[in-house]
Structures are given as C-alpha cells and as structure tokens.
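The values are calculated or read from the model by the stated rules, or taken from the named source; none is laboratory data. Just so we're clear, the structure is a prediction, and the values are computed from it rather than from any experiment. Note that each Cβ is placed from the backbone with ideal geometry, even for glycine, and that neighbours are counted across all protein chains shown.
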Number of protein chains: 2
Amino acid sequence: MTKIYDRVALIGLGLIASSMAHAIKRAGLAGEVVGYARSQETRDTARKLGFCDQIYESAADAAKDADLVVLCVPVGAMEQVAIDIAPALKSGATVSDVGSVKRAVIDAVAKHLPQGVHFVPAHPLAGTEHSGPASGFAELFDDRWCIIVPDLCDDAAVVEKLENLWRGMGSNVDSMDADHHDLVLAVTSHTPHLIAYTMVGVADDLRRVTDSEVIKYSAAGFRDFTRIAASDPTMWRDVFLNNKDATLEILGRFTEELFMLQRAIREGDGDHLHDYFTRTRSIRRSIIEAGQDTEAPNFGRKPAEKK
Amino acid sequence: MTKIYDRVALIGLGLIASSMAHAIKRAGLAGEVVGYARSQETRDTARKLGFCDQIYESAADAAKDADLVVLCVPVGAMEQVAIDIAPALKSGATVSDVGSVKRAVIDAVAKHLPQGVHFVPAHPLAGTEHSGPASGFAELFDDRWCIIVPDLCDDAAVVEKLENLWRGMGSNVDSMDADHHDLVLAVTSHTPHLIAYTMVGVADDLRRVTDSEVIKYSAAGFRDFTRIAASDPTMWRDVFLNNKDATLEILGRFTEELFMLQRAIREGDGDHLHDYFTRTRSIRRSIIEAGQDTEAPNFGRKPAEKK
C-alpha cells in the first residue's frame, strides 16, 4: 500500500479515531498520524498506547500542517472543534469527519472553514459497544462500509484520495448525499438503537420481574438488545438531537406497524403474525449473503465454558 | 454421568429436540432416545442424522414404554399431541415439554393426561435463529438456564429427576410458577422478539430506502434485530397467541417509554436522553458478569475475512 497523506490529524481519540490510527499504520497510508483529545486522561492513555506519532495539547496544534484533519468527536462537539482548528488549517487541506449524521455536521462545520480548505464528510458504518482510546483495533473497518458525502467538494481528486484512505483501512466505499444518508441511517441504525435503549429501559423499570431475573434469563433474546443499548451515551444523544426529523419519521412508522401486530395478538389473528414473521426471516438471509454478518448461530458466540 | 431414564421419547424433532438428543447422548443420560415428527421429511432427515435410536411413524408409538416423554412442538400443537399420546403412556411416566409459554401449555395438556402420569413442564432458555432437525447441537444448553414449572407435580423425586436430566445436558436449573414464568419471558424474550420483527418489517416496507441499502448498511445496528427476527415463524406465532396478556402488558409499557424518548428527541431534551442511555449501559455489564453473554466486541464476531 502506498502513502496517501503526509500528515493525518485525528481530533477526538475514541473508538473510531484509535481504530483509524491502527488501520492507517497497518497499511502505511500516512507519513504520520497525530492526534488531540479534549480530556487529559484520554491524551495520556493515547500516549501510553502509542497509536499516534504525536499527541498535542490543542486541536489547532494537531491540525496545523495536516493534509487531512478528521473530526472524530460527538456530533454536538463538531462546531466548536471546527472553530478551534479553522485558523490553523493549511491551504489545500482536507477536513473530514466520522459523525453518524451528516446534514447537521455540514451545517455546523462548513461555515467555519476557510476558503481553500476542502470539506468531505464521511461516516464509517463500524463500531462496537465499547468506547474510548483503548477500545480501538486495526480490523474495525475491514469489509464494513464507509459512506462519503461529496456534496460540498467539487475537486474529484480530493474526494478520491479520501476514498482511497478508507479503502486502505479495509472499508468498502459508497457515496450518498447528506439527506439520503440521514434517512438510510435512521432506518438501519438510529431507530434500532433507540428501540433497543427503550426495551432495556422497560426491563430495568419493572418491579414484578426482578433485575436478577432479567439478567439471568437474558439469553432468550433480550441480551442482543443490551449490546446495542450499551453504546456511548453522549454519541447517541447527539445522534438523536441531530437527526431528529428522519428518526421521528421512522419511529412513527415503527409505532404504526407495532400497533398492527399488537392488534393481531389481541384479536388472535395467527395468520397475520405468521405471514409477517415469515417475511422478516428472508431479510436475515440477504444480510448474510451480502457478507454483513456471520451465518453462525448466535453470531458465532462460543458455547459458554463449563465451570 | 449416570443414566437417569431408560427411555426418553421426543415428540417433534426441531432445533430443541435434536439438541436434546445430542446432549443426552453426549452425557449418557438415557438408555435410549426415540422420536417422532409430524412431517415425513423431518422423520427422514432425523433418521439420516441418527441422533435418535429409533424414529416412529406415530407419536403414540414413540411415547409407548417411555419413562420420559418431552413435547417439543410449537405451543399451538401441544394439545393434539397430548390427545394422541395419552392412551399410550405408561403408568408412572413423566410428561414434560419445552414450550416458551407455560400457562397455556398446562391448560392445553394437563386435562388429557391419564392419572398416574406426572406432568412437569419445562422451558430451556436456549435457541438460535436456525430451526429444524439438522440445526441441533449438543452444546446448545451449556450454561443456559432451564426453568422447571413443578406446580402440578407433588412428587419431589419426579421433579428432581427431570432437573438432573437438564443439568446433565449442561443447563442451570431454576423453578418458577407458570404465571411468573410467562411474565418474565414476556420481558426477556417475547416482547424483544416482537419488537425486532416490527423493526425489520418497517425497514422492509420503506420505499425511499431501498432493500439493498438496508442490507448493505445493516452492520450499523439493524443486523442484530434481523437475527432474532429470523427465528421460526410458527413457534413465535404460537408464543404471542398463547402469552397474550403478559406480552400486551409489556408492550404497553414499552410504548409508553418510547413515547417519552420520542418527546425528548422532539423537544431537544439532551439530558433526558443521556441519563436514559447511561442507565441502560450498566445492564449490559451485569449480563456479562452473570455469564450470559460474551464481553468480546460485536459478540465476538470474527473480523470479516478479506477477499
């Protein structure tokens, strides 16, 4: 793999940024990778782990002289970071981000960037339920999709360079306009997360079923919800506040369907339930065929070890 | 492990029954394991796979002379099986089942069983999204819970024997009355499944987001729903029709919570969202500590293989 950028700066050093640093180094995609995080603790951990060549004490110092600056902070923190780094950006530099919503990030960031700087938002569809600088690993993006939003950049070579970086980190690359991205993610990610959070919240609230019962018997389905409901709270708060319209629309649709199934249960309409459950089963098959999940039962969880 | 029953008959030969046969043989828990399934195709497959010592052409023939008969059919089919086997049951035999609801099974089955036969319902909380006789494996029950409902049996030795069988198959054993079982499962399993089915149904129905987009980008959270929404449609139809009250109650609670979160999104109440998401995260931790799931990111899915 050949070097794509001389200097890449990562602002924010959580799961995604640390995984990017590992993946860039694995493939030799940058001359150097530098970073900044707001909290002293995160900077110290990142220094100890050594996935960046240099950790700076300010976002502006990290962004200075970088050919690519990637904003890896929660969506709600993007605007302040853009303000902080704008004066330090070198002419011709590319700014990108990894936020889970794209319209709101564009609205918050683009207006603060100086002329001569390219802004190419991106969103790698990869993550785990863990967060922080120690949770990153080089394989996170392997065979996952990264969506590039090239709406604001009329220089095709600049976009292509960023796409090549993501390919070099192991991703498949697709491009989409910002609004369509936000709708697709409302369906495939944001609404499922909200629903998982809600289901886990309900279980936690119930009085007649004890916490220990919920936990002991979680293998019957519930535990799959808890994994996605364990994701970073700040990141997800910002996702919902910043993709409000699409999320509320899909939620409305969800509630409508749920009420129909609820009525079928109340009225004992077994045919309706059976038809519905048969249809959803085929979607799972398509996801496995598309290489986006494992066919192994229970996601290939290993049988529990005997004590 | 010592032999617990001379002859065990499994009625219905899907995922659970075939896994039981494998697990019983692994530990030498029965003199022989025999079986019956309604469909010729299932019987043929079971014969080919050889996990039973004998496959019969009728439920009554399989149940005859058995010390333990386990009904492993969908909840809606239990009553007919009870009627079919009742005349063939030997005095002193134990009848059990593996249905996901317990009150409805008791109502359907108990009245058909002759005097002198013990009825001890059970429910192993284990399964995968696959079904049928070829999907079973001996490790399915290892370190999972099996709930025994001893309400109807006043002979402690009979209950203990069944508990020992489940322990021998790798399970932890707990006991509960039928109504409490149905409520606990409505929270930990039935409602989560209905919600997963609904979310997958919504995605499938949308016109502006194409099917291929939903599938390509499913790794962002949606795929975890599709796994549980891929479970056997007949089994799940029967679960909802037979645990109507508890499921509708928990669904009502779920809808209430969802509307509160929806309002918080609409009004931009970030603190409410953040507090909620922080609380749910801790439940995940408890499930891992209780040994009911893996700590590995993404359930320990292996990084996708590079092409």
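In the stretch B:25-38, of all residues being more than 19 Å from residue B:99 (Cβ to Cβ) and either in contact with a helix residue (DSSP H, G or I) (Cβ under 7 Å, 6 or more places away or on another chain) or of a type in the set (A, V, I, L, M, F, W, C) (or both), the one that is surrounded by the fewest Cβ atoms within 10 Å (Cβ to Cβ) corresponds to B:27. Among residues of the stretch B:172-199 that are at positive phi, none has a beta-carbon under 6 Å from a residue that is surrounded by fewer than 24 Cβ atoms within 10 Å (Cβ to Cβ) and part of a helix (DSSP H, G or I) at least six positions away or on a different chain. Candidates A:174, A:142, A:151, A:97: the one that is within 20 Å of residue A:68 (Cα to Cα), acidic (Asp, Glu) and touching a Pro at 6+ places or on another chain (Cβ under 7 Å) is A:97. Across the stretch B:241-272, the qualifying residues are those that are facing chain A (nearest Cβ under 8 Å) and closer than 14 Å to residue B:187 by Cβ, and the one among them that is surrounded by the fewest Cβ atoms within 10 Å (Cβ to Cβ) is B:248. The set of residues from the stretch A:117-131 being assigned to a loop (DSSP other than H, G, I, E, B) and either modelled with pLDDT of 95 or more or of a type in the set (Phe, Trp, Tyr) (or both) comprises A:117, A:120, A:121.
Conditions tested, residue by residue: (1) under 30 Å from residue B:238 (Cβ atoms); (2) more than 8 Å from chain B (Cβ to nearest Cβ); (3) touching a Leu at 6+ places or on another chain (Cβ under 9 Å).
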{"residue": "A:184", "(1), (2), (3)": "no, no, no"}
{"residue": "A:200", "(1), (2), (3)": "yes, no, no"}
{"residue": "A:209", "(1), (2), (3)": "yes, no, yes"}
{"residue": "A:229", "(1), (2), (3)": "yes, no, no"}
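Given the options B:12, B:50, B:28, B:35, name the one that is at pLDDT 95 or above, in the same structural domain as residue B:72 (by TED's automatic domain parsing) and in contact with a strand residue (DSSP E or B) (Cβ under 6 Å, 6 or more places away or on another chain). Only one candidate qualifies: B:35. Would you confirm whether or not the stretch A:84-107 contains a residue that is in a helix (DSSP H, G or I), more than 17 Å from the chain's Cα centre (by Cα) and crowded, with 23+ Cβ neighbours inside 10 Å? Scanning the stretch A:84-107, I find at least one residue that is in a helix (DSSP H, G or I), more than 17 Å from the chain's Cα centre (by Cα) and crowded, with 23+ Cβ neighbours inside 10 Å, so the answer is yes.
Confirm whether residue A:189 is hydroxyl-bearing (Ser, Thr, Tyr) and at the interface with chain B (Cβ under 10 Å from one of its Cβ atoms). Taking the combined requirement at face value, the residue satisfies it. Just to be sure before I move on: is residue B:63 under 24 Å from the mean Cα position of the chain (by Cα), buried (at least 24 other Cβ atoms within 10 Å of the Cβ), closer than 27 Å to residue B:242 by Cα and not basic (Lys, Arg) in the structure I sent? Yes: the conditions hold for residue B:63.
If only residues of the stretch A:118-175 that are among the small types (Gly, Ala, Ser) and surrounded by 21 or more Cβ atoms within 10 Å (Cβ to Cβ) are counted, the one that is farthest from the other protein chains (Cβ to nearest Cβ) is A:122. Residue B:149 falls short on exactly one of the conditions (1) assigned by TED's automatic domain parsing to the domain that holds residue B:52; (2) out of contact with any strand residue (DSSP E or B) (no Cβ under 9 Å at 6 or more places or on another chain), and that condition is (2). In the set (1) touching a helix residue (DSSP H, G or I) at 6+ places or on another chain (Cβ under 6 Å); (2) part of a loop (DSSP other than H, G, I, E, B), residue A:231 fails one condition alone, (1). State yes or no: is residue A:151 part of a loop (DSSP other than H, G, I, E, B) and more than 20 Å from residue A:7 (Cα to Cα)? For residue A:151, the condition - part of a loop (DSSP other than H, G, I, E, B) and more than 20 Å from residue A:7 (Cα to Cα) - is met. Scanning the stretch B:211-227 for residues that are at the interface with chain A (Cβ under 7 Å from one of its Cβ atoms), in a helix (DSSP H, G or I) and either small (Gly, Ala, Ser) or under 19 Å from residue A:181 (Cβ atoms) (or both) turns up B:213, B:214, B:215, B:216, B:218, B:219, B:220, B:222, B:223.
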